[in-house]
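Data block below; observations after.
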Amino acid sequence: MFHLAFFIYFEMAAFIVSLLTYRALKGTAFRLFPFFLLFIVATELIGTYMTYILRLRNNSWLFNITTTLEYIFYAHIFSLTLRDPAFKTMARRFMAIYPMVVLLNLLFVQGFTEFHSYTVVLGSLFMIILCCLFFYELLLNPLEGELRKVPMFWISTGILFFHLGDLSFDLLFNLLKNDATGKEFFSSINNNLILILYSCFIIAFLCQRSLVKSLSH
Amino acid sequence: MPKESREIIITLIAGTSTLLLLGALMISFLFLYRNRHRKLLREREQLKLSYERELLKSQLEIQEQTFRHISQEIHDNIGQMLSLAKLNLSTMDPSLPDNLEQKIIDSKKLVGQAIYDLRNLSHGLSTDYIADMGLVRAIEHELEMVRKSGNYETLFESEGKSYPLDKQRELIIYRILQETVNNIIKHAASQKIIIHLHYSQEELTLSITDNGKGFDLTPLNQDASFGLGIRNMYNRAQLMGAGFKISSTLGHGTSVVLSVPVEAANTRT
Ligand SMILES: Nc1ncnc2c1ncn2[C@@H]1O[C@H](COP(=O)(O)OP(=O)(O)O)[C@@H](O)[C@H]1O
Ligand SMILES: [Mg+2]
């Protein structure tokens, strides 16, 4: 039995909660979350398997695929929850263009065996912008319930912190990639951010469920 | 640890913490601003609700006063006249033609007066009559009823070109006027009631003055249970964004001034 990173349990917990609250998520922008989380958990397990059992040094390609899909998935959620048609279109355009940009980066700039840090910075910035847009719309509609009961508020908060926290590392990636201490530092920050991210997701699912309950009563 | 590497790590930590702090600031700002905004909106909603409630109450009170007036009118005047007419009819004696003719004439007069009064009364029955007549006519109507109910000398002047305000505010103004006049009848022991209406470009000013015994205003500021009627008028004036002033001198009389800005206050919309 190999050792699983602590945050993977959080990701699994988020997946399980999304399954348990699926009835509440079904008709909403969050309906694909269980599949997404299943995918995340699966890739984490495959990644761990590759590093610890197969002793593969480089699993960048797996990481590249996952991050790209994550950004597309988050953009999809935003495209459904943002109200302004212009913002929606922006999110949808991103979903279409981003994978092509990543592909170009992998083909011509950073290479397939490398972590695609340039396009990750791009994606992170875009995620931060989407979060800001969502918060901006929240400001415009102050009567829409208390913030802490709005599921998408939690999801955006998680996404915002995660990407703000990762941005410095991704920007410094070229300097840090051969620096063991730097990487260690980063992964301790990153692991905590993952905990925050998936906790936010869990809270959001529970909010959504109580929202649906309060509506149906 | 090589020096260069340390610098990079410090940059990494500094950058990450700055960005995270930024995120935290953003979220806190969102919370603060939204809570304040929500509170504001809720307060405005509350104001609107209490305005509507007071409006409804004013309407009911006006109706109540109208009904009281009508029942009194029917009992004191119309009923009297009809009874008299009936008495005339039942005491008619065909053997006394002189008397008979007079009695027929009297009865006709009485019945005619009763019909006239009834018709007048029924005008006041419609709940929209203030809006239909306009404030000036409504005040005249009110004063007419006051004069009928007792020995009062009333003076009413309207200055400036009159314009209609919205229905709701005219209703509240009218109710405040009624309440003030009621106070004069009840407490002032005054013979005179002077009403002055001034239409200016910015505001409508209504002043109601009596030359009665006046009263001490100090308990109004001290004892919250004193002067509920006056407090109520003040409250209603505030809800429609109007000023309400009362002044009184013992032995000389009391005066109430209501000033209503033409521009509707933002609580109503
Ligand atoms: N026009 C007035 N002249 C003399 N006293 C008055 C006049 N208006 C009000 N007051 C005094 O102020 C008191 C409070 O009036 P109000 O709040 O209308 O309550 P209420 O009429 O039920 O007594 C009255 O009891 C009366 O003593
Ligand atoms: Mg009173």
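The values are calculated or read from the model by the stated rules, or taken from the named source; none is laboratory data. Everything numeric in this text was worked out from a predicted model, so none of it was measured. Positions of Cβ are generated from backbone atoms using ideal geometry, with glycine treated the same way; all protein chains shown enter the neighbour counts. The accessibility values were calculated without ligands, DNA or RNA, using every heavy atom of the protein model including side chains. Shrake-Rupley method; radii C 1.70, N 1.55, O 1.52, S 1.80 Å.
Taking the Cα centre of chain B as origin and assigning +1 to Lys and Arg Cβ atoms and -1 to Asp and Glu Cβ atoms, the resulting dipole is close to 1200 debye.
The number of Lys pairs in the stretch B:1-126 with C-alpha atoms less than 16 Å apart, excluding pairs fewer than 8 positions apart on the same chain, is 5. Taking A:109, A:121, A:150 in turn, the Gaussian network model of chain A (Cα-Cα springs below 10 Å) assigns the largest fluctuation to A:109.
Sort the stretch B:206-259 into rounded, prolate or oblate with this rule: let a ≥ b ≥ c be the square roots of the eigenvalues of the Cα gyration tensor; rounded if a/c is under 1.5, and if a/c is not under 1.5, prolate when a/b is larger than b/c, oblate otherwise. Verdict is oblate for the stretch B:206-259. Ranking B:146, A:212 by solvent-accessible area of protein heavy atoms (1.4 Å probe, all protein chains present), from largest to smallest, gives A:212, B:146. For residue B:196, the solvent-accessible surface with a 1.4 Å probe is about 50 Å², rounded to the nearest 10. Taking the Cα centre of chain A as the origin and placing charges on Cβ (Lys, Arg +1; Asp, Glu -1), which of A:54, A:173, A:154 is farthest toward the positive end of the dipole? Selected residue: A:154. Of the residues A:133, A:45, A:54, which exhibits the maximal mean-square fluctuation in a Gaussian network model of chain A defined by a 10 Å Cα contact cut-off? Ranking A:133, A:45, A:54 by mean-square fluctuation puts A:54 first. The trypsin sites (Lys or Arg not before Pro) of the stretch B:144-252 that meet both conditions, a loop assignment by DSSP and at most 14 other Cβ atoms within 10 Å of the site Cβ, are B:161.
In the protein assembly as shown, Rg over Rh equals 1.32, where Rg is the alpha-carbon radius of gyration and Rh the Kirkwood radius from pairwise Cα distances. Once the 1.4 Å probe is applied to the protein heavy atoms, the protein assembly as shown comes out at 56 Å² accessible per residue.
Sites counted here are GluC sites (Glu not before Pro) in a DSSP loop (not H, G, I, E or B) having no more than 13 other Cβ atoms within 10 Å; the longest part of chain B that contains none of them is B:1-201. Entry for the stretch B:162-227 at q = 0.14, 0.24, 0.28 Å⁻¹: log10 I(q)/I(0) = -0.56, -1.08, -1.19, Debye formula applied to identical alpha-carbon scatterers, no solvent contribution. Under a Gaussian network description of chain A, with springs only between Cα atoms under 10 Å, the residue in A:56, A:193, A:32 that fluctuates furthest is A:56.
Taking Cα atoms only, the orientation of helix B:3-73 departs from the longest principal axis of chain B by about 0 degrees. Taking the Cα centre of the protein assembly as shown as origin and assigning +1 to Lys and Arg Cβ atoms and -1 to Asp and Glu Cβ atoms, the resulting dipole is close to 1600 debye.
A probe of 1.4 angstrom, applied to the heavy atoms of all protein chains, finds residue A:113 with accessible area near 100 square angstrom. The eigenvalues of the Cα gyration tensor, multiplied by 5 and square-rooted, give the stretch A:99-217 an equivalent ellipsoid with semi-axes of 34, 17, 12 Å from largest to smallest. Looking at the stretch B:1-126, the pairs of alpha carbons with a distance over 26 Å make up 66% of the total. Taking the inverse of the mean 1/r over every pair of distinct Cα atoms in the stretch B:112-186 gives a Kirkwood hydrodynamic radius of 13.6 Å. Here the Debye sum runs over all C-alpha atoms of chain A as equal scatterers in vacuum, and log10 of I(q)/I(0) at q = 0.07, 0.10, 0.11 Å⁻¹ comes out as -0.23, -0.46, -0.56. Cross-link candidates for residue B:192: which lysines have Cα within less than 18 Å, leaving aside residues fewer than 8 places away along the same chain? Partners found: B:148, B:213.
Towards the positive end of the charge dipole of chain B, with charges on Cβ (+1 Lys, Arg; -1 Asp, Glu), say which of B:22, B:165, B:138 has the farthest Cα. Value computed over the given set: B:22.
The distance from the alpha carbon centre of the stretch B:86-126 to that of the stretch A:61-105 is 92 Å, rounded to a whole number. Taking the longest Cα principal axis of chain A as reference, the axis of helix A:85-104 is set at about 10 degrees. For the set A:100, B:92, A:127, solvent exposure ranked by accessible area (probe 1.4 Å, protein chains only) runs largest to smallest as A:100, B:92, A:127.
Karplus-based coupling profile of the stretch B:234-240, in residue order and whole Hz: 4, 4, 5, 4, 4, 4, 9, with θ = phi - 60° in 6.51 cos²θ - 1.76 cosθ + 1.60 and x standing for Gly or Pro.
Judged by the gyration tensor of its Cα atoms, with axes a ≥ b ≥ c, chain B is prolate; a/c meets the 1.5 cut and a/b is the larger of a/b and b/c.
Extending 7 Å from Cα along the Cβ direction at residue A:50 and again at residue B:149 yields two label points whose distance is 9.2 nm.
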